[in-house]
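In what follows, a structure is listed as structure tokens, so that the remarks can point back to it.
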Amino acid sequence: MPYTIRPAEDKDREAINTLFNHFVTTSMAAYPEKPYEGGVYDRLRNAGGSHPFLVAATETGAVIAFAQARPYHGADSIRRTAEITYFILPEHQGHGLGERLLNKLIELVRPIGVDNLLGSISSHNEQSLKFHQKHGFVEVGRFRKVGRKWGKDFDLVWVQRFIG
């Protein structure tokens, strides 16, 4: 299926909020236990600064995924590192869209001096762990049982990829 990847815009606010809250209520991929009342769009927009914030849309314009790179830390000495996140509706997974979004993020962060990507993944999100391993990320840390969702403990698994 053809997808268009473009910068997120204010008009995408509701679609991004709905998409993220889908994962909040159906999976361990998103950490909150309850949907964000005010939505996640503004939080992501504010956290990202000048880093890329993207959506993927179908031919009809329906937003079915979003991806973001954001500064990992506020210190100037760590500005070369970005944390990434993306969420793709389940029916659009497995068609190469995650790889396209990751590659687009890499393309856009290199010119702003980012050469190091980090991701934080729930230990229950095997699909994401496998995706990142396949795409050159390595596990660099694991915070054991720091999260609990729906009565289940989970680790935060940190992965890293150098893109310089």
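We did not get these values from a lab; they are worked out from the coordinates using the rules stated. The structure presented is a predicted model; accordingly, all values stated were derived computationally and were not measured. Here the Cβ positions follow ideal geometry from the backbone for every residue, glycine too, while neighbour counts run over all protein chains shown.
Going from the residue with the fewest nearby Cβ atoms within 10 Å to the one with the most, Val55, Val140 rank Val140, Val55. The modelled label-to-label distance for the pair Gln93/Ala47, using points 7 Å beyond Cα in the direction of Cβ, is 1.9 nm. Taking the centroid of alpha carbons for each part, region 111-164 and region 83-108 are 15 Å apart. In region 34-89, Rg over Rh equals 1.05, where Rg is the alpha-carbon radius of gyration and Rh the Kirkwood radius from pairwise Cα distances.
Send over the per residue convex hull volume for region 86-164, Cα only, as a whole number of Å³.
Details: hull volume 7.9 nm³, N = 79.
Here the figure is 100 Å³ per residue.
With a Förster radius of 22 Å applied to the beta-carbon distance between Met1 and Gln133, the computed FRET efficiency rounds to 0.30.
Ordering Ala8, Val55, Ile84 by the projection of their Cα atoms onto the charge dipole of the chain, which places +1 on the Cβ of Lys and Arg and -1 on the Cβ of Asp and Glu, puts Ile84 at the extreme positive end.
How high is the relative contact order of the chain? Use alpha-carbon pairs under 8 Å, at least six apart in sequence, and give a whole percent.
Values: 285 pairs, mean separation 32.2, N = 164.
Computed over the chain, the figure is 20 percent.
Here region 47-140 is treated as an ellipsoid with the same Cα gyration tensor; its semi-axes, largest first and in whole Å, are 23, 17, 11.
The radius of gyration of the Cα set in the chain, together with its Dmax, comes out at 15.2, 43 angstrom.
Between Asp153, Asp76, Asp12, the GNM of the chain built on Cα springs shorter than 10 angstrom shows Asp76 fluctuating the most.
Take every DSSP beta bridge with both residues inside the chain and express the antiparallel ones as a percent of the total, to the nearest 5.
Values: 31 of 34 bridges.
Close to 90 percent.
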